[in-house]
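Here the structure is laid out as structure tokens; the discussion comes afterwards.
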Amino acid sequence: MTCEIKEKARAGTVNPIFTCQPAGAQFVSIGVKDCIGIVHGGQGCVMFVRLIFSQHFKESFELASSSVHEDGAVFGACGRVEEGVDVLLSRYPNVKIIPIITTCSTEIIGDDVDGVVRKLNEGLLKEKYADREVHLIPIHTPSFVGSMVSGYDVAVHDFVKYFSKKDKPSLKINLITGWVNPGDVTELKHLLAEMDVEANVLFEIESFDSPLMPDGSEISHGGTTIEDLTATADAQGTIALNRYEGGKAAKFLEKRWDVPAIIGPTPIGIRNTDTFLQNLKAMTGKQIPQSLVRERGIAMDALTDVTHMFLADKKVAIYGNPDLVIGLAEFCLDLEMKPVLLLLGDDNPNYKADPRLLALQENVDFEMEVITNADFWELEDRIKNKGLELDLILGHSKGRFVAIDYAIPMVRVGFPVYDRAGHYRYPVVGYKGATWLAEQMANALFTDMEYKKNKEWLLNVW
């Protein structure tokens, strides 16, 4: 019995699991208050990313494009950045932060975005907007390397590096959530409140689940402020929930400002949530209250109701963001399930040294594959041509056609989910997230039994 970690053997990609780096940087930018990013590239680099965000969150978000066309691709397009900054500041009087997010085209032609930022700081901002606070942040996210995951990591690092500054020590902690949903942020805030821990939550996207107000005043935008970002250097510690989505910023704060960092584990499932609370306790000295012990007990009871009879030995394939996939795999193992296939959709060379994956290699007692730089053909090929039998698929909506074509039940989790309503409201982290995930998996299997008229007798003995 082995757990193999290997890279996809094919050179090409058939139906990618991830989108590109600029998407990750754009996701970070919409989590910051008074911020509108300019994506320096073709209009599609914004249009399609905004579409994915809107499909997932069912909201509209403010992002701008430098709209590079053929002439810019040939002669350079830095002038488009200068025009874009001027237009944004003219039209949006409240904008204070403009990240300049590069793309594959503008990185390939060699546009000097850092130089443009210096030029604007010394020219336009002093001459026309001297009475305004404006921050221009170059963020380099070429699409020909990495993925939306690494783009998120780069952008979090660049925002924190730009703004962090020592003032006076604070009892707050920095909590870098990674690529999560509003429901996850609500749950994380709940755990922090129960622990009586104050935190800078980076990046604050709970408000993405925004109301529809009578006066139309409410827009969907993040709540992380310049003050929050500046104060990251004064925090008593940083907890980055995800190794690959914020770990870089946590390491920067530790190295530059001596802010102690704890990276992971992603609090998916009981044991990882336990570890998260223990990390909070170690960092702040605050005790874990009885209220959370009770919540844990309720979650354990809910899991006991479905685990052994319905979930045990079920074979699962999981794909999506790496920290999410690994956390889900660990949770499935705790539920007596068998995550036989993990698909990580980019070529990060650090995966093979990830201690969580190495622990899987040492401890699993069944055949398991972890494929890096994977695409959806890796999943379909194993089902169609290699005889892989699956009871369940966990992942975002882009993999639904594999589930449909091969009649395998699927639970939507991750980003993007656009063929189910309201998923962004439900957490996958914390004790509430553990309960929701386990019950979603059980319900998917129950529904599958009904459609296939397979083992329905199991439901009669519960």
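Taken together, the values in this text are just the output of simple stated rules run on the coordinates, not laboratory data. This one's a predicted model, so the numbers in the text were calculated from it and none came from an experiment. Glycine gets a Cβ as well: all are built from the backbone with ideal geometry, and neighbour counts include every protein chain shown.
For the chain, place one equal point scatterer on every Cα, skip the solvent, and apply the Debye formula. What is log10 of I(q)/I(0) at q = 0.07, 0.11, 0.12 Å⁻¹? These q points yield log10 I(q)/I(0) values of -0.37, -0.90, -1.07. Annotation: amide H-H contacts under 5 Å for I137 (H modelled 1.01 Å from N, sequence separation of 5 or more, or interchain): I98, I100. Close amide H pairs (under 5 Å, H built 1.01 Å from N) link I176 with L202, I239, A240, L241, residues at least 5 positions away or on another chain.
The phi torsions of region 400-416, fed into the Karplus equation with coefficients 6.51, -1.76 and 1.60 and a -60° offset, translate into couplings of 5, 5, 5, 4, 5, 4, 10, 6, 10, x, 9, 10, 6, 7, x, 9, x Hz, rounded to whole numbers, with Gly and Pro shown as x.
Residue by residue, region 20-33 carries 3J(HN,Hα) couplings of 8, 3, x, 4, x, 5, 5, 4, 5, 5, 6, x, 10, 5 Hz when phi is fed to the Karplus relation 6.51 cos²θ - 1.76 cosθ + 1.60 (θ = phi - 60°); x denotes Gly or Pro.
Placing dummy labels 7 Å off each Cα toward the beta-carbon, the span from D405 to K189 is 4.2 nm. Of the peptides 267-274, 224-231, the order by per-residue mean of other Cβ atoms within 10 Å, starting with the highest, comes out as 267-274, 224-231. Which distance in Å, rounded to a whole number, links the C-alpha centroids of region 374-416 and region 54-68? That distance is 28 Å. Once the Cα atoms are used to define both axes, helix 270-284 deviates from the longest principal axis of the chain by about 40 degrees.
Where the centroid of each part is defined by its Cα atoms, how far is region 241-300 from region 97-150 in Å? Their Cα centres are 33 Å away from one another.
Highest mean packing comes first when the peptides 13-25, 377-389, 342-354 are listed by Cβ atoms within 10 Å, giving 13-25, 342-354, 377-389. 3J(HN,Hα) couplings calculated from phi for region 206-213 with the Karplus curve 6.51 cos²θ - 1.76 cosθ + 1.60 (θ = phi - 60°) are, in sequence order, 4, 6, 4, 7, 8, x, 9, 8 Hz; Gly and Pro show x. Axis angle, to the nearest 10 degrees, between helix 430-452 and the longest C-alpha principal axis of the chain: 60 degrees. Computed extension length for D34-K6: 5.8 nm, one decimal, from 0.36 nm per residue of separation with the Cα-Cα distance subtracted.
Each peptide in 55-61, 356-362, 428-434 receives the mean, over its residues, of other Cβ atoms within 10 Å, and ordering these scores from highest gives 428-434, 55-61, 356-362. Using Cα atoms only, what is the angle between the long axis of helix 44-57 and the major principal axis of the chain, expressed in degrees (0 to 90) to the nearest 10? That helix lies at roughly 50 degrees to the long axis.
Let a ≥ b ≥ c be the square roots of the eigenvalues of the Cα gyration tensor of region 21-146; is it rounded (a/c under 1.5), or, if not, prolate (a/b larger than b/c) or oblate? Oblate is the answer for region 21-146, as a/c is 1.5 or above yet b/c matches or exceeds a/b.
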